[in-house]
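Visitor: Sharing a structure here in structure tokens format.
The values are calculated or read from the model by the stated rules, or taken from the named source; none is laboratory data. The shown structure was predicted, so the numbers you read here are calculated from the model rather than taken from an experiment. Note: ideal-geometry Cβ built from the backbone for every residue, glycine included; neighbour counts use all protein chains shown. Only protein heavy atoms, including side chains, enter the accessible area calculation; ligands, DNA and RNA are left aside. Shrake-Rupley method; radii C 1.70, N 1.55, O 1.52, S 1.80 Å.
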There are 2 protein chains.
Amino acid sequence: MNQKQLQSEQTKKKIAVAARALFVQKGYKATSIEDIVGATGSSKGNIYYHFKSKEGLFLFLIEEWDHEWELNWKQSEHLYNTTTEKLYAVAEQLATDDLNHPLTKAADEFFHNEEKTSEVESRMAEMNAKHLAFNQKLLQEGIDSGEFKPGDAERLAVVLEAIFFGANHLSRSLAPDKTTILYRDAVTVFLDGVAEE
Amino acid sequence: MNQKQLQSEQTKKKIAVAARALFVQKGYKATSIEDIVGATGSSKGNIYYHFKSKEGLFLFLIEEWDHEWELNWKQSEHLYNTTTEKLYAVAEQLATDDLNHPLTKAADEFFHNEEKTSEVESRMAEMNAKHLAFNQKLLQEGIDSGEFKPGDAERLAVVLEAIFFGANHLSRSLAPDKTTILYRDAVTVFLDGVAEE
DNA sequence: CACAATACTGACTGAACGTTCGGTATAGAT
DNA sequence: ATCTATACCGAACGTTCAGTCAGTATTGTG
């Protein structure tokens with residue numbers, strides 16, 4: 001890799017970092033390309049040289065983030081023995097991730113906005129499916145080991161995803177320390193329910 | 001009420017109905033005032049005569065809808081004896097409500113968009129608090145009656161809200177018949193958990 | 001040095017959109 | 001009949017913003 005390619009890569013990274021900060025702070029729609037220009041010192045044209053579109057730039061960030069999350073998890077998963085422990089650990093990671101990397105807010109503002117190219121739609125679906133598969137695998141593990149009651153892991157995966165998604169949403173209007181509590185409570189309820197036996 | 005006032009009220013209603021249909025169909029941002037003009041035959045100016053702003057119009061619809069929901073619930077609550085039954089009934093109502101009145105989609109697109117006037121923000125908070133209070137009351141009822149385990153109804157209310165919110169979100173990429181199943185599953189998990197006792 | 005190829009610039013375009021405002025029509029009051 | 005308040009119209013305005021493009025600078029290559 002020569003000088004030029006290196007420089008180019010650094011520029012791209014610089015744009016990505018600045019854009020991420022802005023999206024996190026202001027949300028997707030409210031962040032204009034002009035804002036990113038202001039934050040990077042790069043020109044508008046240059047941003048479009050490195051990224052196909054605003055959408056493309058955002059998608060890039062999302063995927064980068066998802067990828068990082070996955071890596072983190074793979075590195076720490078072995079620390080937990082039971083599926084129950086793993087569930088709490090996932091919740092913990094999601095809770096702190098939402099605090100440190102709250103791209104999530106911008107993410108679902110983005111995903112909700114009507115104008116979705118077919119490419120975006122398919123990537124959304126892909127990511128969604130990945131999350132559900134992750135949940136399902138975890139739950140199936142718990143069922144097989146006898147920790148969890150026998151049940152349809154696929155359907156439960158959807159419920160779990162709903163819980164995490166909802167917790168993420170509600171946490172936005174919560175004090176930071178309440179967020180962790182909410183995620184923990186959510187997992188506890190998911191495990192034991194509220195009903196008297 | 002004279003002829004003029006009556007006419008005026010009908011016009012306002014007509015605008016509201018058309019706008020609701022459009023918001024439901026296309027979402028908040030994607031629905032332009034021009035669209036509403038097209039759908040009503042009323043002029044742009046007239047819309048602004050009856051409603052302060054696009055935001056104001058949408059807020060009006062949301063509150064109308066919330067109010068209707070509350071009425072419906074109050075009318076049917078007495079049909080259910082146990083809190084458990086009530087919970088399933090709420091889930092049922094939310095599930096079908098999402099199908100029949102999917103203003104929800106537009107609603108949280110709206111609520112997520114960065115540009116929130118302080119008035120909007122306070123109304124959001126108000127509605128949110130109302131939902132939590134509703135949940136809390138229901139859960140406290142169940143705890144007091146001995147149906148549910150002793151616990152912090154306030155914290156559980158947040159968890160329940162997260163579940164409903166998440167279910168609502170996920171249901172959008174689900175077949176209609178799966179929606180009801182998801183809501184039911186969610187309540188079942190909320191009640192009994194997944195863990196083996 | 002000449003010649004690309006790559007990296008970058010920023011003025012400009014064009015369209016979308018919410019809101020305003022000067023004006024008109026109509027119904028009720030005096 | 002005159003007046004006034006309310007209801008309604010729609011062209012125009014101002015702003016925002018993603019994306020383009022013709023051109024310039026910089027770096028690598030033969």
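Visitor: Probe 1.4 Å, all protein chains in place: accessible area of A:His50 in Å², nearest 10?
Guide: 30 Å²
Visitor: Tell me, what is the 1.4 Å probe accessible area of B:His131, in Å² to the nearest 10?
Guide: In the full protein context, B:His131 sits at about 60 Å².
Visitor: Taking every eigenvalue of the Cα gyration tensor of chain B, multiplying by 5 and rooting it, what semi-axes result, largest first, whole Å?
Guide: With the √(5λ) rule applied to chain B, the semi-axes are 36, 18, 16 Å.
Visitor: Quick one: order A:Leu71, A:Leu59 from most to least accessible surface, probe 1.4 Å.
Guide: From most exposed to least exposed: A:Leu71, A:Leu59.
Visitor: B:Ala125 label points, 7 Å along Cα→Cβ, one per copy: pairwise distances from this copy to the rest in nm, shortest first?
Guide: Relative to the other copies, B:Ala125 has label-point distances of 4.1 nm.
Visitor: How about region B:1-90: which GluC sites (Glu not before Pro) there lie in a loop by DSSP and see at most 11 other Cβ atoms within 10 Å?
Guide: none
Visitor: What residues qualify as long-range amide H neighbours of A:Phe148, i.e. H under 5 Å apart, gap of 5 or more or another chain, H built at 1.01 Å from N?
Guide: Placed amide hydrogens put A:Ile143, B:Glu196 under 5 Å from A:Phe148.
Visitor: When the Karplus curve 6.51 cos²θ - 1.76 cosθ + 1.60 is applied with θ = phi - 60°, which whole-Hz ³J(HN,Hα) does each residue of region B:148-153 get, with x for Gly and Pro?
Guide: Values, residue by residue: 9, 5, x, x, 8, 4 Hz.
Visitor: Which distances, in nm and shortest first, link the B:Gly56 label point to the same label point in every other copy, taking 7 Å along Cα→Cβ?
Guide: 4.3
Visitor: Quick one: helix A:83-100 against the long Cα principal axis of chain A, what's the angle to the nearest 10°, folded into 0 to 90?
Guide: On a 0 to 90 degree scale, this one is about 30.
Visitor: Same structure, new question: Can you give me the orientation-averaged projected area of the convex hull built on the Cα atoms of region A:1-51, in nm²?
Guide: 3.4 nm²
Visitor: Would you rank B:Lys52, A:Lys74 by solvent-accessible area, highest first, keeping every protein chain in place and using a 1.4 Å probe?
Guide: Largest accessible area first, the residues go B:Lys52, A:Lys74.
Visitor: Where Lys and Arg each count +1 and Asp and Glu each count -1, what net charge lies around B:Asp185 among other residues with Cβ under 12 Å from its Cβ?
Guide: -1
Visitor: Right, something else. Determine the share of region A:1-51's accessible area contributed by carbon and sulfur atoms, expressed in whole percent, with a 1.4 angstrom probe.
Guide: Whole-percent figure for carbon plus sulfur exposure: 51.
Visitor: Which distances, shortest first and in nm, link B:Asn72 to the matching position in the other copies, using label points set 7 Å out along Cα to C-beta?
Guide: Sorted ascending, the copy-to-copy spacings read 3.9 nm.
Visitor: Can you pull the three principal axis extents for the Cα set of the protein assembly as shown, in Å, largest first?
Guide: The Cα atoms of the protein assembly as shown stretch 75, 66, 35 Å along the principal axes, largest first.
Visitor: Any chance you could count the Lys pairs in region A:59-192 whose alpha carbons are under 23 Å apart, treating pairs 8 or more apart or on different chains as valid?
Guide: Counting lysine pairs in region A:59-192 gives 12.
Visitor: Using each residue's phi in region B:173-180, evaluate 6.51 cos²θ - 1.76 cosθ + 1.60 at θ = phi - 60° and report the 3J(HN,Hα) Karplus result to the nearest Hz, with x for Gly and Pro.
Guide: In residue order, the calculated couplings are 9, 10, 4, x, 6, 6, 4, 4 Hz.
Visitor: Binning every alpha carbon pair distance of region B:141-183 at 10 Å from zero, what are the percents per bin?
Guide: 26, 36, 27, 11
Visitor: Ok, one more. With every protein chain left in place, what is the accessible area of A:Arg155 in Å² (1.4 Å probe, nearest 10)?
Guide: Result for A:Arg155: roughly 110 Å² accessible.
Visitor: Sticking with this one: Relative contact order for chain A using alpha-carbon pairs under 8 Å, separation at least 6, rounded to a whole percent?
Guide: Contact order relative to length: 22 percent.
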